[in-house]
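The values are calculated or read from the model by the stated rules, or taken from the named source; none is laboratory data. Keep in mind that what you see is a predicted model, and the values were worked out from it rather than measured. Heads up, the Cβs are rebuilt from the backbone with ideal geometry, glycines too, and the neighbour counts pull from every protein chain shown. In case anyone asks, the SASA skips ligands and DNA or RNA and just uses the protein heavy atoms, side chains included. Shrake-Rupley method; radii C 1.70, N 1.55, O 1.52, S 1.80 Å.
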Amino acid sequence: MFILAQIIGVIVLILTVISIQFKTKEKILMCQIVANLLISIQYFLLDALTGGIVSIINVIRCIIFYFYKKKNMKPSIVFLGIFIIVAVISGILTWQSIFSIIPIIASIVFTYGLWQDNIKITRICTAITAGNWSIYNIIVRAYAGTIQSVAECISAIISIIRHKNQKNIDNQ
């Protein structure tokens, strides 16, 4: 199971590094849906229950936010609140150690980033979130996931720099 989890982590690495380079939130969300589904499998294989559950919640969040974005609508603040509350409750219910708080924080920050219309904020939240997941991945022995998180963080920073002069590329 450990080796399979690492192989899945490599696949996620490729998806997440590519996703943050996209210019539209729809494309980022599609990659994030697939990536979070695979990440949840990886965490379950490593017996990292909180990470697995939070990743499934993240899949649902990305699907809902994707359909809103396709309709050129922003999810209401109620959805933001619901996903934050669900992340906290899932963390409490699956608590394994103090480190279980890391996926909860990562989910909240990224949920906020995806909820925003400003793709620059999405990229900044991606960098912050990837840093949190890097720490969690080391703790749960998701070594390919650690590389993925660090690469995603670097990719987000590169994307922020690359697109720094564009006011709002989300409409392209």
Which whole-number percent gives the relative contact order of the stretch 41-145, counting Cα pairs below 8 Å spaced six or more residues apart?
-> 29
Val109 neighbourhood, Cβ < 15 Å, K/R = +1, D/E = -1, net charge +2
Under 18 Å from the Cα of Lys70, which lysines turn up, not counting those fewer than eight places away in the same chain?
-> Lys23, Lys25, Lys27
Of Asn137, Asn58, Asn118, which is the most mobile in a GNM of the chain whose springs link Cα atoms less than 10 angstrom apart?
-> Asn118
Compute the acute angle (0 to 90°) between the alpha-carbon long axis of helix 143-162 and the principal axis of greatest extent of the alpha-carbon atoms of the chain; round to the nearest 10°.
-> 20
Using alpha-carbon pairs under 8 Å, 6+ residues apart, how would you state the relative contact order of the stretch 1-98 in percent?
-> 27
With a probe of 1.4 Å, find how much accessible area the chain has per residue, and write the answer as a whole number in Å².
-> 48
Candidates Gly51, Gly145, Gly91, ranked by Gaussian network fluctuation over the chain, Cα under 10 Å, top entry = Gly91
Taking the chain and counting helices only, DSSP H stretches of n ≥ 4 at -39,500 (n - 2.57) each over all residues, the nearest-500 ellipticity at 222 nm comes to -26500 deg cm²/dmol
Using Cα atoms only, what is the angle between the long axis of helix 101-115 and the major principal axis of the chain, expressed in degrees (0 to 90) to the nearest 10?
-> 20
For the chain, which whole percent of the accessible surface, found with a 1.4 angstrom probe, sits on carbon and sulfur atoms?
-> 74
With no solvent and one equal point scatterer per Cα, compute the Debye intensity ratio I(q)/I(0) for the stretch 23-121 at 0.11, 0.24 Å⁻¹ and report its log10, rounded to two decimals.
-> -0.31, -1.25
